[in-house]
Amino acid sequence: MNWGHDAWRQRCAKGALYLSYFELEPRLLHVQRAAGIQLAHESGRLGVIFGCQGLGPKIESDPSLILIMAKLGQRVVQLMYNERSALGCGCLEPQDSGLTEFGRVCIREIDDAHMVVDLAHAGPRTAREAIEFTRGVPVITHANARGLRDHPRDVPDDVLAALAERGGVVGVTAYAPFCEKQVGLRPNLDSVIDHIAYIAEGWGIDHVGIGSDFFEGESWIRFERFFRRHYPAIVGNYTVDTIYAEGFGCVDDLVALRPALLRRGFAEDEVAKVLGGNFLRVFARVWDGIDDPDSVLRVSRASF
């Protein structure tokens with residue numbers, strides 16, 4: 001569950017709504033520890049992890065609010081959105097001046113609260129400096145490889161190398177502009193698999209996962225008036241109906257990933273890592289201090 005552009009009070013109001021869902025809807029589980037992911041799976045519930053996009057506006061220049069976010073159940077913190085903020089530069093800024101001192105202050109707070117630092121949407125220099133600075137294991141939750149598709153939201157090879165060196169994971173997304181092979185030509189599931197294979201071959205199978213970036217409830221009005229008007233470089237000529245790769249455009253299509261990866265030559269254990277195992281490893285390390293992901297099954301579930 002990812003909060004977008006909102007200030008502190010709006011974020012708290014939305015949080016209260018989501019927390020009410022967890023109290024009243026038995027099919028949902030608020031995941032705050034790695035064992036919660038396993039518990040959601042075993043109990044047939046939908047596990048929800050709180051994340052956010054663009055930390056700056058949410059804390060209103062007060063890094064002490066990051067601890068409050070953690071206490072309210074936030075587990076992943078995306079530092080940047082597309083533009084410059086008090087923390088650093090987003091991917092659409094023509095000049096990336098890097099992580100600011102305020103950004104470093106915020107990362108210290110995130111690390112101390114055992115939340116995961118997410119560098120999706122960050123500019124390359126800002127991302128590299130944040131990856132180097134954090135004491136935790138960083139991730140890029142939803143982006144593709146710029147080595148295959150030269151798009152500002154995709155990740156350059158040097159950032160992928162830095163992320164892998166720190167043990168991090170990038171979640172490959174189905175967002176069509178990020179994985180198209182020809183500008184304006186809608187990609188398909190095989191195009192998404194190309195990015196998974198590129199990252200796995202270049203930096204290892206332990207450093208790639210899935211970050212679909214699905215917005216199944218998105219209205220065409222908001223898509224046109226917010227995303228296209230604010231960020232035309234992001235969406236290109238796609239519409240709300242074509243913005244994802246053909247054959248991989250909604251949650252129901254996730255079942256197509258395993259056979260597609262096997263056809264591409266990935267082994268079963270490698271598929272398991274891509275389809276959640278790698279992110280689970282990072283969550284267990286940052287949230288719980290567990291280095292062996294298999295031991296997640298032995299973590300006490302008393303708090304769930």
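One residue stands out among those in region 61-100 that are surrounded by fewer than 23 Cβ atoms within 10 Å (Cβ to Cβ), among the hydrophobic types (A, V, I, L, M, F, W, C) and in contact with a His (Cβ under 9 Å, 6 or more places away or on another chain): the one that is nearest to Gly211 (Cα to Cα), which is Leu92. Yes or no: Gly171 among the small types (Gly, Ala, Ser) and without any contact (Cβ under 8 Å) to a residue 60 or more places away in the chain? When the stated conditions are applied, Gly171 does not pass them. Output the residue which, of all residues in region 241-289 that are under 18 Å from Pro138 (Cα atoms) and of a type outside the set (A, V, I, L, M, F, W, C), is surrounded by the most Cβ atoms within 10 Å (Cβ to Cβ). Going through the qualifying residues, I end up with Asn278. Sub-6 Å Cβ pairs linking a first residue in region 41-62 that is over 22 Å from Leu275 (Cα atoms) and assigned by TED's automatic domain parsing to the domain that holds Leu19 to a second residue that is of a type in the set (D, E, K, R) and crowded, with 19+ Cβ neighbours inside 10 Å, at least 6 apart or interchain, are Lys58/Arg11, ordered by first then second residue.
Would you pick out the residues in region 121-139 that are part of a strand (DSSP E or B) and free of Cβ contacts under 8 Å to residues at least 60 places away in the same chain? Can you show your working first?
So the first thing to find is which residues in region 121-139 are part of a strand (DSSP E or B), and the list is 122, 139.
Ala122 - this is the single residue of region 121-139 that is part of a strand (DSSP E or B) and free of Cβ contacts under 8 Å to residues at least 60 places away in the same chain.
Taking region 109-165 as the range and being surrounded by 20 or more Cβ atoms within 10 Å (Cβ to Cβ) and of a type in the set (Gly, Ala, Ser) as the test, the residues that pass are Ala120, Ala122, Gly123, Ala127, Ala130, Gly136, Ala143, Ala145, Ala162.
When every residue of region 211-227 is checked against the conditions, at least one turns out to be surrounded by 21 or more Cβ atoms within 10 Å (Cβ to Cβ) and in contact (Cβ under 8 Å) with a residue 12 or more places away in the chain. Checking every residue in region 151-162 against the condition of being out of contact with any helix residue (DSSP H, G or I) (no Cβ under 8 Å at 6 or more places or on another chain) and not assigned by TED's automatic domain parsing to the domain that holds Asp190 gives zero matches. Taken over region 153-193, residues that are closer than 19 Å to Gly276 by Cα and either in a loop (DSSP other than H, G, I, E, B) or among the small types (Gly, Ala, Ser) (or both) amount to 7.
Before we move on, is Ile221 at pLDDT below 95 and either over 20 Å from Cys179 (Cβ atoms) or not assigned by TED's automatic domain parsing to the domain that holds Asp190 (or both)? No; evaluated as a whole, the condition is false for this residue.
The set of residues from region 46-60 being in contact with a Lys or Arg (Cβ under 8 Å, 6 or more places away or on another chain) and buried (at least 18 other Cβ atoms within 10 Å of the Cβ) comprises Ile49, Phe50, Gly51, Cys52, Lys58.
Look at (1) closer than 18 Å to Cys250 by Cα; (2) part of a helix (DSSP H, G or I) and you find that Phe215 fails only one, number (2).
The values are calculated or read from the model by the stated rules, or taken from the named source; none is laboratory data. In this text the structure is predicted, and so the values were computed from the model without any measurement. All Cβ positions, even for glycine, are placed from backbone atoms using ideal geometry, and neighbour counts span all protein chains on display.
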